[in-house]
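To start, the structure itself, in structure tokens.
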Amino acid sequence: MTETFHSSGEAGTHQRIIEAALQEFIQKGYKGASTRAIAERAAVNEVTLFRHFGSKLDLLRIAVEYEVSRMHFPNTIESYVELDLQEGFHKFILEYLMQLTRQSDILMLGFAESYSHPQVVDSLKHMFWRVRTSLQEYFSSMQERGKMRAADNYVLAQMVIATLHTAPLIRKNAPKDVANQLTDERLIAMLVETISSAYGVSSARP
């Protein structure tokens with residue numbers, strides 16, 4: 001069941017433990033993170049930690065759910081499809097999809113641990129399903145309005161998600177001169193240019 005997150009009293013302690021766990025998991029991975037170190041970061045003892053969370057695995061699951069709960073999902077794509085493909089897609093990525101790069105560390109950790117602990121991946125699957133569905137809906141709406149040529153929208157959405165989700169991992173592990181060139185700005189510009197050039201309809205207007 002998805003955790004509800006608050007920030008006062010006992011819930012404040014709960015929140016501190018989650019945030020401390022996120023830092024510890026991201027820096028050391030699930031196996032390297034210890035509940036003692038997490039408790040120290042949160043300024044609580046281990047008894048308190050286990051009173052709030054039954055196990056380290058529960059803490060990882062809830063930490064991943066917490067990060068997913070912080071992500072913003074648009075209620076409507078109308079403000080994006082009113083624009084031409086180049087401008088609207090740029091806005092869509094900037095305001096919505098760049099969350100995949102900002103949350104990349106904990107999302108990658110969650111997926112890595114999901115092989116050993118499949119219960120961790122449920123919230124991630126739902127989040128990626130929502131992202132992919134929104135992208136497919138955006139592309140379909142643009143095609144219906146005559147602003148975009150026909151495409152395999154499922155595959156196109158997966159390609160966009162994969163690019164944004166894996167870019168931080170490449171930056172982290174690539175040589176510094178390579179990582180410095182793979183900026184968010186260049187990544188967005190190339191994605192927009194590639195999609196617009198391949199599928200845009202030049203005569204379309206908002």
> In segment 49-61, is there at least one residue being among the hydroxyl-bearing types (Ser, Thr, Tyr) and assigned to a helix (DSSP H, G or I)?
Replying inline: no
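Is it the case that Leu156 is farther than 23 Å from Ser69 by Cβ, touching a residue at least 12 places away in the same chain (Cβ under 8 Å) and in contact with a Phe, Trp or Tyr (Cβ under 8 Å, 6 or more places away or on another chain)?
Numbers: farther than 23 Å from Ser69 by Cβ: yes; touching a residue at least 12 places away in the same chain (Cβ under 8 Å): yes; in contact with a Phe, Trp or Tyr (Cβ under 8 Å, 6 or more places away or on another chain): yes.
It is true that Leu156 is farther than 23 Å from Ser69 by Cβ, touching a residue at least 12 places away in the same chain (Cβ under 8 Å) and in contact with a Phe, Trp or Tyr (Cβ under 8 Å, 6 or more places away or on another chain).
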> Asp105 versus (1) modelled with pLDDT of 80 or more; (2) assigned to a helix (DSSP H, G or I): which is the lone unmet condition?
Replying inline: (1)
> So which pairs qualify, if the first residue must be in segment 174-201 and under 20 Å from Lys147 (Cα atoms) and in contact (Cβ under 8 Å) with a residue 40 or more places away in the chain, the second must be surrounded by 12 or more Cβ atoms within 10 Å (Cβ to Cβ) and of a type in the set (D, E, K, R), the Cβ gap must be under 7 Å, and the two must be at least 6 apart or on different chains?
Replying inline: Tyr199/Arg149; Val201/Lys147; Val201/Arg149
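For (1) in the same structural domain as Ala112 (by TED's automatic domain parsing); (2) in a helix (DSSP H, G or I); (3) under 17 Å from Glu19 (Cα atoms); (4) not β-branched (Val, Ile, Thr), each residue gets a yes or a no:
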position: Arg41; (1), (2), (3), (4): no, yes, yes, yes
position: Val47; (1), (2), (3), (4): no, yes, no, no
position: Ser79; (1), (2), (3), (4): yes, yes, no, yes
position: Leu83; (1), (2), (3), (4): yes, no, no, yes
position: Gln86; (1), (2), (3), (4): yes, yes, no, yes
> Leu83 fails exactly one of the following numbered conditions: (1) surrounded by 15 or more Cβ atoms within 10 Å (Cβ to Cβ); (2) within 20 Å of the chain's Cα centre (by Cα). What is the number of that condition?
Replying inline: (2)
>> Out of everything in segment 66-80 that is modelled with pLDDT of 85 or more and not aromatic (Phe, Trp, Tyr), what residue ends up being surrounded by the most Cβ atoms within 10 Å (Cβ to Cβ)?
In response: Ile77
> Do you know which of the residues in segment 143-176 that are farther than 21 Å from Tyr199 by Cβ and in a loop (DSSP other than H, G, I, E, B) is modelled with the highest pLDDT?
Replying inline: Pro175
>> Tally up the residues in segment 42-65 that are within 22 Å of the chain's Cα centre (by Cα) and buried (at least 19 other Cβ atoms within 10 Å of the Cβ), please.
In response: 7
> Is segment 91-99 home to any residue that is surrounded by fewer than 19 Cβ atoms within 10 Å (Cβ to Cβ), at pLDDT 90 or above and either among the β-branched types (Val, Ile, Thr) or farther than 26 Å from Ala21 by Cβ (or both)?
Replying inline: yes
>> I'd like the full set of residues that are of a type in the set (D, E, K, R) and within 18 Å of the chain's Cα centre (by Cα), limited to segment 149-206.
In response: Arg171, Lys172, Asp184, Glu185
>> Any residue that is surrounded by 20 or more Cβ atoms within 10 Å (Cβ to Cβ), modelled with pLDDT under 85 and in contact with a Gly (Cβ under 7 Å, 6 or more places away or on another chain) - is there at least one of those in segment 120-142?
In response: yes
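The values are calculated or read from the model by the stated rules, or taken from the named source; none is laboratory data. Treat the numbers as computed from the prediction; the structure is a model and nothing was measured. No Cβ is skipped: glycine too gets one built from the backbone with ideal geometry, and neighbour counts run over all protein chains shown.
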